[in-house]
1. Name the single residue that is nearest to the chain's Cα centre (by Cα) among those in the stretch 82-98 being outside any loop (DSSP other than H, G, I, E, B) and over 11 Å from Glu168 (Cβ atoms).
2. Is at least one residue of the stretch 141-154 at pLDDT 85 or above, out of contact with any Lys or Arg (no Cβ under 6 Å at 6 or more places or on another chain) and open to solvent by 20 Å² or more (accessible area, probe 1.4 Å)?
3. For the stretch 43-67, give me each residue that is crowded, with 17+ Cβ neighbours inside 10 Å and in contact (Cβ under 8 Å) with a residue 60 or more places away in the chain.
4. Restrict the check to the stretch 161-173 and report whether at least one residue is open to solvent by 20 Å² or more (accessible area, probe 1.4 Å) and more than 25 Å from Ser30 (Cα to Cα).
5. Identify, by number, the condition in (1) closer than 17 Å to Ala32 by Cβ; (2) at pLDDT below 85 that Phe133 doesn't meet.
6. Kindly indicate whether Arg13 is at pLDDT below 60 and not in a loop (DSSP other than H, G, I, E, B).
7. Going by the structure shown, is Ala85 at pLDDT 85 or above, farther than 23 Å from Pro31 by Cβ and hydrophobic (A, V, I, L, M, F, W, C)?
Amino acid sequence: GCALRLAPHPAARRAPSRGLIQRCPNLGLSPALLGWLTEPGSLTERLRARHGAVAVEVLAEGARAEPSAEAPAPYWERCVQLVAAGRPRLAARSCIPAWVPNHPWQPVQQLGTRPLGEVLFALDGVERGPLQFAQLPAPAASQAHLGAVVMARRCTYRRQGAALVLTEVFLDAD
């Protein structure tokens, strides 16, 4: 799973279920970061508009038999890192509970190195739940100083009654 593969940026895997807040906190965050956190559209498109090309590095992907905070087993998990302008900007984890063949979220299984947003915002019948937010300790391998935090958001999307839980950790959003 992601815990090992997200080693430089494990925050996407450990975003706590408790401690998430429903409204975006203004914890002294810059207006720019608040804009990223509350972005209603595709973060990939926003990264492209800001930095040009965006590469998707797939860190872990597949069906999981062990339960997680987001889903009982079995579920599908995809952990990626979005890189733009030569730097990791976003770590993301998609978790699809009750994974079975021919699941309504089946197109996610075939993304490869394409961003989730290209499918998520193009599929018919996708409903987006409210955003939740959390502050997490900055990954040890990042350039952040000791005690630094990163912001994360989580949202549940629904398609034909099936959930996709997306956690996004902002590693370097400017």
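The values are calculated or read from the model by the stated rules, or taken from the named source; none is laboratory data. Quantities reported herein were computed from a predicted structural model and do not represent experimental measurements. Cβ placement follows ideal geometry from the backbone for every residue including glycine, while neighbour counts extend to all protein chains displayed. In case anyone asks, the SASA skips ligands and DNA or RNA and just uses the protein heavy atoms, side chains included. Shrake-Rupley method; radii C 1.70, N 1.55, O 1.52, S 1.80 Å.
1. Only one residue tops the list, namely Cys95.
2. No, the stretch 141-154 contains no residue that is at pLDDT 85 or above, out of contact with any Lys or Arg (no Cβ under 6 Å at 6 or more places or on another chain) and open to solvent by 20 Å² or more (accessible area, probe 1.4 Å).
3. Within the stretch 43-67, Leu43, Thr44, Val54, Arg64 qualify.
4. Within the stretch 161-173 (the criterion being open to solvent by 20 Å² or more (accessible area, probe 1.4 Å) and more than 25 Å from Ser30 (Cα to Cα)), the answer is yes, since at least one residue qualifies.
5. (2)
6. Answer is yes for this residue.
7. no
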